[in-house]
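The values are calculated or read from the model by the stated rules, or taken from the named source; none is laboratory data. All of these numbers come straight from a predicted model, not from anything done at the bench. Cβ: placed from backbone, ideal geometry, glycine included. Neighbour counts: every protein chain shown. Ligands, DNA and RNA are excluded from the accessible area calculation, which covers all protein heavy atoms including side chains. Shrake-Rupley method; radii C 1.70, N 1.55, O 1.52, S 1.80 Å.
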Amino acid sequence: MRLYANIIIDISQGKLDKTFQYAVPEQMRDQLTVGAPVIVPFGNGGRTIKGFVVELTTTAEYDPAKIKEIKSLDTDAMPIESQLVTLAAWIRKHYGGTMNHALKTVIPIRQKTAEKEKKVIHLLLDKEQAMEQLLTYRRKHNTARERLLEALITQPELAYEVVTQKLHITANVIRALEEQCILRVERYRSYRNPANYEQDADYALALNPTQQEVVSSILKNAASDHPKTCLIHGVTGSGKTEVYMELIADAVAKGKQSIVLIPEIALTYQTVMRFQNRFGDRVSILNSKMSAGERFDQFERAKNGQIDVMIGPRSALFTPFSNLGYIIIDEEHEASYKSETVPRYHARETAIERARMAGATVVLGSATPSIDSYYKAVQGEYLLFEMTKRAVAKQLPVCYVVDLREELKEHNYSILSRKLEELMEDRLQKKEQIMLFLNRRGMSGFVSCRSCGYVIKCPHCDVSLSAHKNGRLVCHYCGYEREAADHCPSCGSPHISGFKAGTQKIELLVHKRFPQARILRMDTDTTKNKDGHEKILSAFANYEADILIGTQMIVKGHDFANVTLVGVLAADLSLHVGDYRASERTFQLLTQAAGRAGRGDKVGEVVIQTYDPSHYSIVAAAAQDYNAFYKQEIAYRSMLKYPPVWNMLVILLSSAVEDRCIRMAGLLARIIENTKKNDTTDRLSRLQIIGPTEPAVAKVNDIYKRVLYLKHPAYDVLVQIKDAIETYMEKNRQYQDILIQFDFNPMNGF
Ligand code: ADP
Ligand code: ZN
Ligand code: ZN
């Protein structure tokens, strides 16, 4: 059979779906892979042009007699584009979707951008004058002015956005200082490096023995033929960032580049400054506020060898560095590393594949590693490094777990336990700040007993059941259903119900109890507007409020030196969300929340309120004991055959016609069931098929949804099933109106 190659010609023109088909000459068959750079005839008149193979197929797109042959393989050094196209093919294979989806994920599109005005703030005072002014601000408790001047003293030129967004300084404060002739705001037309650093600096701390040991082991591993992925489990403040920088410095010395992935919410001014102090202007950043054009420019600079380090969220992974040394993934447990749109790739797994292709090393870091990564480390697939002590001695916060069932027994029906209330009173008096955290997620519709803490769970899946509008309780994995309970099945109490209080209600209640306190609230409502998020954080950082109430967005990445009390109002909210990662997420959130207390010089206190004080994720978080948590959690995953011990594939179907959605889900289930039955190789015998069932949100914008869950120990068996379904859908065009998406080892459930 003749083989054809679909080829894209100009990779950066945004026409990634525009491919040209060529025939593969017989002698080239074995050499040609997806991603291969080739030279092909183009147009009339014998002109040739370079292109990349994006797909190999035996189906001719038009009259085979008219299809031209590929002229030759382009044997010049393997260009970075070729690597990225190969990576796109890997993404398509492992996560589903089309090649076009995958290419668009990996390759940025060139766009003409209007030149944007850039504003830069210059310090006008010399050092001495500035220090004097700083003291004045300090004396007057002008905290915002103090912060801005302090930053300008260390770096006399700062990007305007950095000051407003990362330092949380308002335009009014900047204007006031400009009027006082302390600074000048300059406007530039030309495009500048967003990282905006003008000095050459190479400021490195002397590493402590633990850090040295970790660095030298990772360097040795990186120099080996097949470097392993490294996981650093290090408590917050143990000096992981210093380790990353040391590794990057070594790569720079060898002429290699590095990518540092940081969740956007944790990509703070301080972090960027640390990298710039070490690597000067050879650092660039990416963030979601940049336009497509700005992002493209940063990728161009990377390709042209103008930078050594790219820092950014998930998408920075595709920075076109041609000689990659390290891909570092900080806070590697964060769910934001998994894409929520097709292709639903995980940055960690994709980074490992990119590193394998490029001979680079992946370094993962976290204070609370994902169960997936820790499991791989325990299995020996990753190298594990433990950093158990803080680099700069500082006391860990004191943690109290409060049993809300006891509060109820003592007739305290308030959302605040007596302990939390008492400590809040104390902080308000001392003029220290408080954060109240509601770890709520979209679909936490679980039902629990307020007297004994009993939660109604699915007898098959050991996840909590969710209350539906019709009053019935449903399992989102297997579809198991039962009627609502009016009495607790465990203790008989009538206080059994869903948990409903939202941030707004809590704000009201707290205001009633502490009318004199100034309260800020941060949730999806109050952050809807552009910069809403930044404004609230600035206000809180400037001590314009005593109490900040919010959802999980308040516990990530922000350091407030004056916060000495953190209250977790109901730890159970993230514990019973009806998916297998609920305990893991709870442990991580509680650990992070606890980390918010006492960032300055004062010791912090944390109050965790819960109906389930003996749950291992709560006990372990309060004791800051990762290993205890891991042991319990992996036992649960193993027993119920959840990832990472087994692998899971979610097949999500959606259609505007409910009936078609239901039928198609049933049809797919039967096809998979039959494939399993007829499998003579025994590869599929352990396959488990769960559902089809309604997902948590079964109808969105009049689009109906159904899900099927497949479980199998081997990931590639699930990939094989995904391939079979994709092929089936391609051949059976009558089902085109039904959209099918795949999600491997889901992070957030459906
Ligand atoms: P992590 O990334 O693990 O949270 P960091 O690298 O941010 O830890 O270090 C925490 C704090 O300790 C930082 O303020 C950092 O400057 C400081 N630090 C880290 N390593 C050292 C060291 N070897 N000597 C002195 N201070 C250090
Ligand atoms: Zn009960
Ligand atoms: Zn179930």
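Look at (1) under 19 Å from residue 343 (Cβ atoms); (2) at pLDDT 90 or above and you find that residue 747 fails only one, number (2). For the range 446-485, a residue qualifies if it is modelled with pLDDT of 85 or more, more than 16 Å from ligand 2 (Cβ to nearest atom) and hydrophobic (A, V, I, L, M, F, W, C), and exactly one does: 458.
Would the range 381-393 turn up any residue that is of a type in the set (Asp, Glu) and open to solvent by less than 10 Å² (accessible area, probe 1.4 Å)?
Within the range 381-393, not a single residue is of a type in the set (Asp, Glu) and open to solvent by less than 10 Å² (accessible area, probe 1.4 Å).
Can you name every residue in the range 51-65 that is touching a strand residue (DSSP E or B) at 6+ places or on another chain (Cβ under 6 Å) and outside any loop (DSSP other than H, G, I, E, B)? Residues satisfying the conditions are 51, 52, 53, 54, 55, 56, 57.
Looking for whichever is hydroxyl-bearing (Ser, Thr, Tyr) and under 28 Å from residue 748 (Cα atoms) here; the options are 417, 466. Which one fits? Show your work before the answer.
Working: 417 fails: under 28 Å from residue 748 (Cα atoms).
It is 466.
Residue count for the range 211-226 under the criterion of being within 16 Å of ligand 1 (Cβ to nearest atom) and under 28 Å from the mean Cα position of the chain (by Cα): the result is 4. Entry remark, the range 201-210: residues being open to solvent by 40 Å² or more (accessible area, probe 1.4 Å) and modelled with pLDDT under 85 number 4 in total. I'd like the residue in the range 242-256 that is in contact with a strand residue (DSSP E or B) (Cβ under 6 Å, 6 or more places away or on another chain) and not in a loop (DSSP other than H, G, I, E, B) and, out of all such residues, is nearest to ligand 1 (Cβ to nearest atom). Filtering first and then ranking leaves 244.
Here is a check on your reading of the model: is residue 286 farther than 16 Å from residue 364 by Cα and hydrophobic (A, V, I, L, M, F, W, C)? Yes.
Residue 341 passes every criterion in (1) assigned to a loop (DSSP other than H, G, I, E, B); (2) modelled with pLDDT of 95 or more apart from (2). Restricted to the range 653-682, and to residues there that are at pLDDT below 90 and outside any helix (DSSP H, G or I), the residue that is nearest to residue 706 (Cα to Cα) is 679. Filtered by the rule that a residue be of a type in the set (Gly, Ala, Ser) and modelled with pLDDT under 85, the range 254-293 gives 266, 288, 291, 292, 293.
When 422, 407 are screened for being acidic (Asp, Glu) and either open to solvent by 50 Å² or more (accessible area, probe 1.4 Å) or within 16 Å of ligand 3 (Cβ to nearest atom) (or both), only 422 passes.
Residue under question is residue 321, and the condition is that it be over 30 Å from residue 625 (Cα atoms), open to solvent by less than 20 Å² (accessible area, probe 1.4 Å) and more than 16 Å from ligand 3 (Cβ to nearest atom); does it hold? Considered against the rule, which asks whether it is over 30 Å from residue 625 (Cα atoms), open to solvent by less than 20 Å² (accessible area, probe 1.4 Å) and more than 16 Å from ligand 3 (Cβ to nearest atom), residue 321 comes out as yes. A Cβ distance below 8 Å, combined with a sequence gap of six or more or placement on separate chains, defines the contacts here; from the range 449-478, residues that are small (Gly, Ala, Ser) reach residues that are near ligand 3 (Cβ under 8 Å from one of its atoms) and modelled with pLDDT of 85 or more in the pairs 464/458. Among the residues of the range 460-475, the ones that are in a loop (DSSP other than H, G, I, E, B), closer than 15 Å to residue 575 by Cα and more than 7 Å from ligand 3 (Cβ to nearest atom) come to 2 in all.
Tell me, which strands (runs of 3 or more DSSP E) wholly within the range 274-333 include 3 or more residues that are farther than 30 Å from residue 153 by Cα?
324-330
Considering only residues in the range 683-716 that are in contact (Cβ under 8 Å) with a residue 40 or more places away in the chain and not in a strand (DSSP E or B), the one that is surrounded by the fewest Cβ atoms within 10 Å (Cβ to Cβ) turns out to be 702. With respect to the conditions (1) open to solvent by 10 Å² or more (accessible area, probe 1.4 Å); (2) touching a Ser or Thr at 6+ places or on another chain (Cβ under 8 Å); (3) not in a strand (DSSP E or B), residue 233 lacks only one, and its number is (3).
When residues in the range 165-182 are screened for being open to solvent by 30 Å² or more (accessible area, probe 1.4 Å) and within 30 Å of the chain's Cα centre (by Cα), 3 of them pass. Applying a threshold of 6 Å to beta carbon distances and a minimum spacing of six or more residues, or different chains, the list of pairs starting in the range 626-655 at a residue that is within 13 Å of residue 378 (Cβ to Cβ) and free of Cβ contacts under 8 Å to residues at least 60 places away in the same chain and ending at one that is open to solvent by 10 Å² or more (accessible area, probe 1.4 Å) and not in a strand (DSSP E or B) reads 638/645. Counting the residues of the range 63-92 that are more than 16 Å from residue 21 (Cα to Cα) and either in contact (Cβ under 8 Å) with a residue 40 or more places away in the chain or open to solvent by less than 50 Å² (accessible area, probe 1.4 Å) (or both) gives 16.
Filtering the range 237-251 to residues that are open to solvent by 40 Å² or more (accessible area, probe 1.4 Å) and over 13 Å from residue 219 (Cβ atoms) leaves only 237.
For the list (1) touching a His at 6+ places or on another chain (Cβ under 9 Å); (2) assigned to a strand (DSSP E or B); (3) of a type in the set (A, V, I, L, M); (4) over 24 Å from residue 233 (Cα atoms), I need the number of the one condition that residue 408 fails. Result: residue 408 fails condition (2) only.
Restricting attention to the range 486-504 and to residues that are at pLDDT below 80 and part of a strand (DSSP E or B), the residue that is nearest to residue 651 (Cα to Cα) turns out to be 498.
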